[in-house]
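The values are calculated or read from the model by the stated rules, or taken from the named source; none is laboratory data. These numbers were taken from a predicted model, which means no experiment stands behind them. So basically every Cβ, Gly included, is an ideal-geometry build from the backbone, and we count neighbours across all protein chains shown. The protein model used for the area step is the full one, side chains on, heavy atoms only, and it has no ligands, DNA or RNA in it. Shrake-Rupley method; radii C 1.70, N 1.55, O 1.52, S 1.80 Å.
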Amino acid sequence: MTAQRVAVWWLDVSTVAETAWPALAARLGEDERARAQRFHFDHDRLCYVAAHALGRGALAAWTGIASHAWAFAADAFGKPEVAAPAWRGRLRLNLSHTRGVAAAALCEEHDVGVDVEWLERRPVEDGLAQRFFAPAECAQLAALPPAARHHAFLDFWTLKEAYVKAIGKGLAQPLDSFAFTLDPLAIAFDDRLSDDPSRWLFRRLRPTPSHVLALALRHPDPASVAVETRAMSAEELLAYP
Ligand SMILES: CC(C)(COP(=O)(O)OP(=O)(O)OC[C@H]1O[C@@H](n2cnc3c(N)ncnc32)[C@H](O)[C@@H]1OP(=O)(O)O)[C@@H](O)C(=O)NCCC(=O)NCCS
């Protein structure tokens, strides 16, 4: 029955005590720790460490296998996948980090993607939606009062990123080949994508007042899936082995 669950965890980086960071970093693999060292800004490094510790914690909670035991490998499109140790099903993990929040989505077997964005990032430059979004999405944005557009833009953005990350093709997937509506939350595909809207589950979440998060899960029966959302603290995360 585990394939009917998806776990979405996030960590508000501002809540992490200074003293917890070494223990969180110790959960990471050697290559992840080396990558963390290469970030220029401390806030980027901390969000990276938080996301990777969070993903490992989610795997530990799901399986009972220790956080540090997990290894990852990128697929042909560069999407990191769980490579080891062996588990009874194929574990699927996706991570996202932005200023202040790290997020992880975990399930078994099914394509999953997560994206989190910071609402206080600089207002989106004019024309970005026109360049990247589908015409139907641009029309929805244009119909909103100007004060509501920044938030709605980031809602679309996170949903589009979560979908692209779930299918794993990165930017090889034209972002205007699929279009979301926010209310009701739904996706439509154009002729370039032979995908089926009825096989997708999407969620919009609000991990903090300053962040939006989107989840995308491909599943044969989306209505049957239990979405388990959890705001984690560093202490809770470190309580897993
Ligand atoms: C890499 C990409 C998959 C997501 O990048 P992002 O949104 O900047 O970053 P996020 O923090 O949400 O996600 C990064 C994580 O996704 C995972 N990831 C990397 N490549 C991936 C891929 N091809 N598919 C799915 N997940 C991927 C990794 O775990 C990565 O974390 P890490 O760098 O700490 O190892 C890619 O889609 C991208 O560069 N997108 C941004 C470009 C853009 O213009 N988007 C417009 C949206 S409308």
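Matching residues to (1) in contact with a Pro (Cβ under 7 Å, 6 or more places away or on another chain); (2) surrounded by 24 or more Cβ atoms within 10 Å (Cβ to Cβ):
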residue	(1), (2)
94	no, yes
101	yes, yes
107	no, yes
116	yes, yes
121	no, no
130	no, no
140	no, no
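Of the numbered conditions (1) among the hydrophobic types (A, V, I, L, M, F, W, C); (2) under 24 Å from residue 4 (Cα atoms); (3) within 15 Å of the ligand (Cβ to nearest atom); (4) open to solvent by less than 30 Å² (accessible area, probe 1.4 Å), residue 205 satisfies every one except a single condition; which is it?
Among (1) among the hydrophobic types (A, V, I, L, M, F, W, C); (2) under 24 Å from residue 4 (Cα atoms); (3) within 15 Å of the ligand (Cβ to nearest atom); (4) open to solvent by less than 30 Å² (accessible area, probe 1.4 Å), residue 205 violates only (4).
So, in region 17-42, how many residues would count as being within 13 Å of the ligand (Cβ to nearest atom) and either surrounded by 13 or more Cβ atoms within 10 Å (Cβ to Cβ) or among the small types (Gly, Ala, Ser) (or both)?
Going through region 17-42, the residues within 13 Å of the ligand (Cβ to nearest atom) turn out to be 28-29, 31-36, 38-39.
Filter once more, so that each one left must be either surrounded by 13 or more Cβ atoms within 10 Å (Cβ to Cβ) or among the small types (Gly, Ala, Ser) (or both): 28-29, 32-36, 39.
Residues that pass the stated criteria total 8.
Quick check on this structure: which one of 107, 47 is part of a strand (DSSP E or B), closer than 22 Å to residue 216 by Cβ and modelled with pLDDT of 95 or more? Walk me through how you get there before you give the answer.
Values: 47 fails: part of a strand (DSSP E or B).
Testing whether each residue is part of a strand (DSSP E or B), closer than 22 Å to residue 216 by Cβ and modelled with pLDDT of 95 or more leaves just 107.
Residue 68 versus (1) open to solvent by 40 Å² or more (accessible area, probe 1.4 Å); (2) within 13 Å of residue 27 (Cβ to Cβ); (3) free of Cβ contacts under 8 Å to residues at least 40 places away in the same chain: which is the lone unmet condition?
Condition not satisfied by residue 68: (3).
Which condition number in (1) closer than 25 Å to residue 120 by Cα; (2) open to solvent by 40 Å² or more (accessible area, probe 1.4 Å); (3) in a helix (DSSP H, G or I) is the one that residue 198 fails?
Just one mismatch for residue 198, condition (1).
Results for (1) within 13 Å of the ligand (Cβ to nearest atom); (2) in contact (Cβ under 8 Å) with a residue 40 or more places away in the chain; (3) under 16 Å from the mean Cα position of the chain (by Cα), shown as yes or no for each residue.
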{"residue": "54", "(1), (2), (3)": "yes, yes, yes"}
{"residue": "57", "(1), (2), (3)": "no, yes, yes"}
{"residue": "62", "(1), (2), (3)": "no, yes, no"}
{"residue": "92", "(1), (2), (3)": "yes, no, yes"}
